[in-house]
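What follows is a single structure, written as structure tokens, with notes after it.
The values are calculated or read from the model by the stated rules, or taken from the named source; none is laboratory data. Keep in mind the model is a prediction, meaning the values are calculated, not measured. Heads up, the Cβs are rebuilt from the backbone with ideal geometry, glycines too, and the neighbour counts pull from every protein chain shown. When the accessible area is computed, the model is the full protein with side chains, heavy atoms only, and any ligands, DNA or RNA have been set aside. Shrake-Rupley method; radii C 1.70, N 1.55, O 1.52, S 1.80 Å.
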Amino acid sequence: MRKIIILLVTFCIFVSCKKDHQSQKIKNGVEIEKPISDMSIYNLPENWTNQNGENIELKDYKGNVLVMVMIYTSCKAACPRLVADMRNIEEQISTELKQNVKFILVSIDPEVDTPERLKEFSIENKMTDDHWVFLSSNENQTREFAAVLAVNYKKISPIDFSHSNIISVFNKEGEMVYQQEGLGVSYDKTVETIIAEAKK
């Protein structure tokens, strides 16, 4: 509940806390688009670049369960463990359900983590299937997004950051439904949440 409150407060800062007054699109009496809720990260007006050099917005992933973590590729301490956790979580999801899930790693070091570097990193870590996504943006947007995820990070040397170790799960509407905090913790609840949301 604390994380949901943090998420709402952050949206009040970065996104105007107003209802999306866009009407639902109806065709032949069938609803084909659902309005984005105030709690959805799809409200964030941000542009990102993926490991293939493609410009995307988070709302491009609407309809997928999102499993997100913030890392930097030159990290030698916590990040390799977070990456390992993401891979272990991914392995627990069936091939069928993975069609509705995106595993997204967001860089907190966009200056170093260019699309080319993120591509190399994905290959090095055998994370090249379509459900793996690596994103980077500019410093301001990265900071704003980190605040939404309640991730704190700080540059402590020219090549090192201290940062929170959090894996976040968002439902198909982009609303946060669970967070896994810490290193070496059980990811059973994370996997359970992903499976439940992907089946909806």
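Below are the figures for this structure:
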item	result
Contacts under 9 angstrom Cβ, first residue in the range 51-68 being under 19 Å from Gln99 (Cβ atoms), partner open to solvent by 20 Å² or more (accessible area, probe 1.4 Å) and assigned to a strand (DSSP E or B), 6 or more apart	Ile56/Thr49; Tyr61/Lys102; Asn64/Lys102; Val65/Lys102; Val65/Val177; Leu66/Lys102; Val67/Lys102; Met68/Lys102
Residue selected from the range 72-91 under the condition in contact with an Asp or Glu (Cβ under 9 Å, 6 or more places away or on another chain) and of a type outside the set (Asp, Glu), by the criterion nearest to Met127 (Cα to Cα)	Thr73
Residue within the range 129-149 that is hydroxyl-bearing (Ser, Thr, Tyr) and more than 21 Å from Tyr42 (Cβ to Cβ) present	no
Only one of Glu192, Glu96, Glu197, Glu90 that is of a type in the set (D, E, K, R), touching a residue at least 60 places away in the same chain (Cβ under 8 Å) and under 24 Å from Gly63 (Cβ atoms)	Glu197
Among the candidates Lys119, Lys98, residue that is over 27 Å from Ser186 (Cβ atoms) and not in a loop (DSSP other than H, G, I, E, B)	Lys119
Every residue from the range 102-139 that is of a type in the set (A, V, I, L, M) and more than 11 Å from the chain's Cα centre (by Cα)	Ile108, Val112, Leu118, Ile123, Met127
Condition check for Lys76: assigned to a helix (DSSP H, G or I), open to solvent by 70 Å² or more (accessible area, probe 1.4 Å) and out of contact with any Cys (no Cβ under 7 Å at 6 or more places or on another chain)	no
Within the range 130-154, tally of residues that are touching a residue at least 24 places away in the same chain (Cβ under 8 Å) and farther than 25 Å from Ile89 by Cβ	4
Failed item, numbered, when Lys59 is tested on (1) over 13 Å from the mean Cα position of the chain (by Cα); (2) part of a helix (DSSP H, G or I)	(1)
Options Val67, Val112, Val83; residue that is surrounded by 12 or more Cβ atoms within 10 Å (Cβ to Cβ) and assigned to a loop (DSSP other than H, G, I, E, B)	Val112
Within the range 142-200, tally of residues that are part of a strand (DSSP E or B) and either of a type outside the set (Phe, Trp, Tyr) or surrounded by fewer than 22 Cβ atoms within 10 Å (Cβ to Cβ) (or both)	17
Scope the range 86-109; condition open to solvent by 10 Å² or more (accessible area, probe 1.4 Å) and of a type outside the set (Asp, Glu); matching residues	Arg87, Asn88, Gln92, Ser94, Thr95, Leu97, Lys98, Gln99, Asn100, Lys102
Scope the range 77-101; condition within 19 Å of Glu181 (Cβ to Cβ) and of a type in the set (S, T, N, Q); matching residues	Asn88, Gln92
Count - residues of the range 37-80 that are among the basic types (Lys, Arg) and under 21 Å from Asn152 (Cα atoms)	1
